[in-house]
Structure formats: C-alpha cells, structure tokens
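Heads up: the structure comes next, in structure tokens.
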Amino acid sequence: MTWTNRDQYFQQLQQWLAMEGEAERERMAQRRQLSRSKDPERSGETIVGLILADHHVGLAGRILLDFVKPADGRLPMNRLKVGSPVVLSDDRNAADDGIGGVVSRRNANQIQVAVDRWPEAQFHRLDLSPDETTRRRQLAAMSTVRTLTGARGRLRDTLLGEHQPRFDPLPNIDFDAVLNPPQQDAVRFALAARDVAILHGPPGTGKTTTLAEVIVQAVKQGMRVLACAPSNTAVDNLLERLVGRIDGVLRVGHPARVFESLRGHTLDELVDNDSSTEIVREMRRDIDELLRAASRPSRSRDANRQRGELYAEAGRLRQQARALERSTVRHIVDSANVICTTTTIDDELIGDHLFELVVIDEACQCTEAAVWQAVLRAEKTVLAGDHCQLPPTVVSVEAARQGFSRSLMERLVGQFGTEVYRRLTVQYRMHETIMDFSSYQFYDGELIADDSVRQHCLADLIDVNRETLTTTTIEFWDTAGAGWEEQLEEDGESKFNPKEAAWVIQQVHQLMDAGVAADQIAVIAPYAAQVRLLRNRLQQPHLEIDTVDGFQGREKEAVIITFVRSNAEGEIGFLADTRRTNVALTRARRSMRIIGDSATLSRNSFYSDLIDYFQQAGAYHSVWELGEV
C-alpha cells in the first residue's frame, strides 16, 4: 500500500472496505442459492432446521433467542462464533430476507442470537452475514481520525509513518507478575512509548501475559486503558489475566467464555446486579410476557392486529427500558479503569471516552481499517501480535492482492524495524525440535525453549505409555511416488486426499492406544474438504480436527498435519502463504507428525527447507516403509 498524502490513504481504505462488502454479499448470495439443492451446512457458515427453544430480554432491550436442532440435539460443525454477524430467516421460505443479529452465546447443542425484533417462522436458518455494522463504524471512525489535531493527530501521523516513534527513557518497574528478561524489557519499552510501541510475540512466548503486565503497570501509573482484540476469545484471554490483579476491569460485548470468574466483570452482569435496575427488570418481565403472548398461535380473525399491538407495546417498553439502562451503563463505564472489548467498539455503550493507553492484542489479524476505531480514542497505543502468523481475513481477492490483508503492525515493523518493536524470545510451549525450524525461518533463530519444555515428550504425560511412538517428537512421512494424489470435491470448491486421511486416522488410533487422550490431539489440514472427510471418519467427540484458522492461538500435546497437495504440476495453492503453515507447525507441545508429498511441496523453497530439516534431524520417513503402498 502506497499513498502520497493522508486523504489518499483513507480513500484507499474506503475503497477496500467497499470491495470487501461487495465480496461478502456475493458470497452470501451464492451460498444461499447453492444450499437449496446441496448440503447447506457444508460450508460451516450456515445452520438450518433450527427451532426456538427459549428467549430472554438482555441489555439495551436485545431479544436473546436460543435455538436448537429438533432431531439429535447437536449442532453441526460451524463457524458462527460469538460476536459473528448473522441473518436469521425462515428456513421454509427461500424469499425471506431475514433479520440481522449477532451470535451472543453458543455450545455444542445450542446457539443464542441477539436480535432487535421477533422472527415470524417455525423453522429457522442462520447464515453468516456481511458485517455492514462494523464497516459503517470503521468508516465513521476514519472520517473523524482524518481531522484530529494535537496529541491524537500526532499519533495518527506516526501510525501513517509520517513521524518517527518517540520514546522516553525506560522506566524502573516493580513487576506485578513473574516475567523473563525479554518480557520485562518489552513491558518497559511499551510504557516508555510516547506514540506507539509493538510487542512481537512468536508462538508460546507469553505475549498476552506480557501485554497484561503492560496494562497492570499502566493502571498503577494512573492511566485509563482500553484493551482490544479482533475476536471475543482473544479479549477473554486478556480479561482472564487481568481479573484479580487490578480493580475496575470491565468486559463490554459478547464474552465467548463466561467463566464464573469473569461473569462479575461483564457489563450485562454489572448492570443486572445494580440496585437501580429493579424497574428495568420489571419492564423486561413485561416485555417478555408480551412477546410470549404474541408468539402464541391464535385462530382469531383479529390475530394479526392483536399480535401487532403486542409487538408495538413491547417496543415502547423496550425504548423506556433502554433509557433507564443508559444512566446505569454510563456510571459503570465511567468507573472502569480498564475496558475490554473487541476492536468493533460499540460507541453507544462506550460513549465518547478517551484513554491514556489503548492496547490491541492479536493486532496482526486486524486490517488497517479495523484499528482506527480503537486508535481514535488513544493518546498512545501498544500493538501486540505476530506478523509471521495468520494475516487478517479478507474475502475480496482483489482487495487482498492490493494490500488490504497487510496489517498495520506488519507495515510499521517493515517501516521502522526494531525502533518500534521488541520481540519475546523465550517460549513455553514446544519441544526444541518442534520449535527450531520456525525459529530460523521466521524469527532470526532467536527463539529459546524454556527448560520446562525443551525436552518434554508424550511419554511424560500421566497414563501415557513409554514407547517409540510417545518418545519420538517429530516425523515427516513422504508420499512421493506412492500415488497418494489429491482429489477435488464434486462442487470443485475444495481438495482432499483420501490416502493421507487414512494415514492420519491410523496415527490418531495409535496415539490413543498409547494412552494419549483425544482432547490432547489435534489434526490440522489446510483444506476444508480434508477436514470434513476426517471428521466423518473419526467420530471422536473430544478430538479436534480443523483448518489452520481454527487453531490460531491454540496448542495441543500432539498435532498431526496433512498437507493434502499431491499433483504432477507441483501446485500447492494457498500453502504458498507460509505464514499459515507456520501456525500449523507451532501448535504442538510434545509431538508433531506431518504427511505430504515432497515431489509436489519441495518445488517451493520453504517446503524444501522443511523436508531438509526433518532429514537432518533423522525424522524423515517414506510411506514406502509401511509396506502398504
């Protein structure tokens, strides 16, 4: 991305947002059209045949609808996460445009959606929706940011690369948490920043722990902090590390994991427990009863008119309840020292508050357009993440090609180098042989495995047998020349490899037979078709099988990776984005097994180096050794 002035920069972001919106709308239209004749739930972005199990009235009058499957009770594998925008429509009426909502809670058997009006169907359908609300908020924030002056204008210009980042002398700190020297240096560096600082956290190095210490120390210095991340799960991970360490921590939005320890810090819970909200509770009960009455079947000639009157009265009560809640919400927000929320900030709840410090965790998964809503409220900002892992998700291929998939953090690191960031180097996840390849490929060979993990293996786990399988840390199994070729799904949308899948299944069974629990194993595949194939064949409730995206920020004791691609042309598709592979290679703690076709993969220098690494480590094998080819 290049620009000659500030206006050109923001105009480019606006153009990319428009392209992204159009791409998302096209994808949804195609998905809805195709799903009428094919399996609609196959993509993971749709759930059909849902029935309403219960409903509630939440904060700000939101209607919270609980949906379940009427048959076996379990929801299909899906990508409708907490905070995902969705469209709720009539599953029996293809012409129904539906109503917009947001996933507010989910588990294996139930999904809750927050909407503003009642749906009128017996069987419901949920589709992942284009996020128009977020785009509108981003556009509004960018419009305001363009006109900033003073300290916040200086911050904007620094983030645009027009000024060098400025730092005060590193402060002396009485650390609240036990941190290693690189982590301590990163905290001092962040607090010394006058405009922006970046914490580069490779896998397993305690990035979120370090960022939490930055927040704790900032609050000790009297700062008010806005702590953000692009996903609800990442926000909750940060919240967990703050609760109990400082007072006045508030979670705004839809928590992905409402642990008991977190509930008392959510805005919904604090508002609900406030002594001034008893009137609002009574009004909610009235609203609830009105909605229940409106949903009852009636054969009366005036049924539609009466139902409309009930909905109208519920709407009037909801407006009154919202007005009463606003004063309580404002008091709670005003009293908070730290507010935790996603980067899609609800301006109605946060108001026009400014913060001495804004931190953004997992900043590399945010597009540049996505950070300005948070930065708009900052005197200074700290970005944390790893630009050597997954970039922002961008649906528009053309916008991504032009540069929309490059994060602000990646751009600043590229422009200012070590002047603007500190890298964490001690990792607490991986055996050193699992770590070393990624360390040299992506992190200048600087990663060090802590003594607690340097030599650990599966056999060290309780109830796991000590044998070759559980004491061997890494293996690469080569399918070259065996005819284990990739295949294309009938609809031509994704690829799978049945032979590799069979090998993976065998590996999973061997690990479990050796005493490794299913919930300690992960299977990662770059293609959704391979994931679907393995999920169908491996019916293990606690075994996780997913694409790379599903495992970002996660870890397992044992990881099996199937690369899928095997063809005479040497085509590897989006495996060429080696940052995605870096994520897969760094999820395992004690054991990593990979299967792939070296003849296909090694035409790319990264995979050639990867195979060389396994050979030098004495961990390379050919499937010809199995005697089953």
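Some notes on this structure:
- Cβ pairs under 8 Å, 6+ apart, first in the stretch 181-193 and free of Cβ contacts under 8 Å to residues at least 40 places away in the same chain, second in a helix (DSSP H, G or I): VAL187/THR210; VAL187/GLU213; VAL187/VAL214; VAL187/GLN217; LEU191/VAL214; LEU191/GLN217; LEU191/ALA218
- Of the numbered criteria (1) part of a helix (DSSP H, G or I); (2) surrounded by 14 or more Cβ atoms within 10 Å (Cβ to Cβ), the one CYS388 fails is (1).
- Residue in the stretch 222-239 that is under 18 Å from ARG330 (Cβ atoms) and of a type in the set (A, V, I, L, M, F, W, C) present: yes
- Just one residue in the set VAL413, VAL358, VAL371, VAL329 is of a type in the set (Val, Ile, Thr), part of a helix (DSSP H, G or I) and under 18 Å from GLN138 (Cα atoms); that residue is VAL371.
- Scanning the stretch 122-152 for residues that are among the small types (Gly, Ala, Ser) and within 23 Å of the chain's Cα centre (by Cα), we see that the one that is farthest from ARG377 (Cα to Cα) is SER129.
- Subset of the stretch 217-241 that is β-branched (Val, Ile, Thr) and closer than 12 Å to VAL359 by Cα - its residue that is farthest from the chain's Cα centre (by Cα): VAL225
- Residues of the stretch 607-629 satisfying the condition of being surrounded by fewer than 16 Cβ atoms within 10 Å (Cβ to Cβ) and farther than 13 Å from GLU475 by Cβ: SER608, ASP609, ASP612, GLN616, TRP624, GLY627, GLU628, VAL629
- Subset of the stretch 210-240 (residues that are in a helix (DSSP H, G or I), open to solvent by 20 Å² or more (accessible area, probe 1.4 Å), farther than 24 Å from TRP372 by Cβ and not charged (D, E, K, R)): VAL219
Residue-wise test of (1) open to solvent by 20 Å² or more (accessible area, probe 1.4 Å); (2) of a type outside the set (A, V, I, L, M); (3) in contact with a strand residue (DSSP E or B) (Cβ under 8 Å, 6 or more places away or on another chain); (4) within 20 Å of LEU585 (Cα to Cα).
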{"site": "LYS495", "(1), (2), (3), (4)": "yes, yes, yes, no"}
{"site": "ILE505", "(1), (2), (3), (4)": "yes, no, no, yes"}
{"site": "LEU511", "(1), (2), (3), (4)": "no, no, yes, yes"}
{"site": "VAL516", "(1), (2), (3), (4)": "no, no, yes, yes"}
{"site": "ASP519", "(1), (2), (3), (4)": "yes, yes, yes, yes"}
{"site": "ILE524", "(1), (2), (3), (4)": "no, no, yes, yes"}
{"site": "ARG532", "(1), (2), (3), (4)": "yes, yes, yes, no"}
{"site": "LEU538", "(1), (2), (3), (4)": "no, no, yes, no"}
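- Options THR547, THR578: the member that is open to solvent by 10 Å² or more (accessible area, probe 1.4 Å), without any contact (Cβ under 8 Å) to a residue 24 or more places away in the chain and out of contact with any Leu (no Cβ under 8 Å at 6 or more places or on another chain): THR547
The values are calculated or read from the model by the stated rules, or taken from the named source; none is laboratory data. What you are looking at is a predicted structure, and each value in this text was computed from that prediction instead of being measured. Note that we place each Cβ from the backbone using ideal geometry, even for glycine, and neighbour counts take in every protein chain shown. Ligands, DNA and RNA are excluded from the accessible area calculation, which covers all protein heavy atoms including side chains. Shrake-Rupley method; radii C 1.70, N 1.55, O 1.52, S 1.80 Å.
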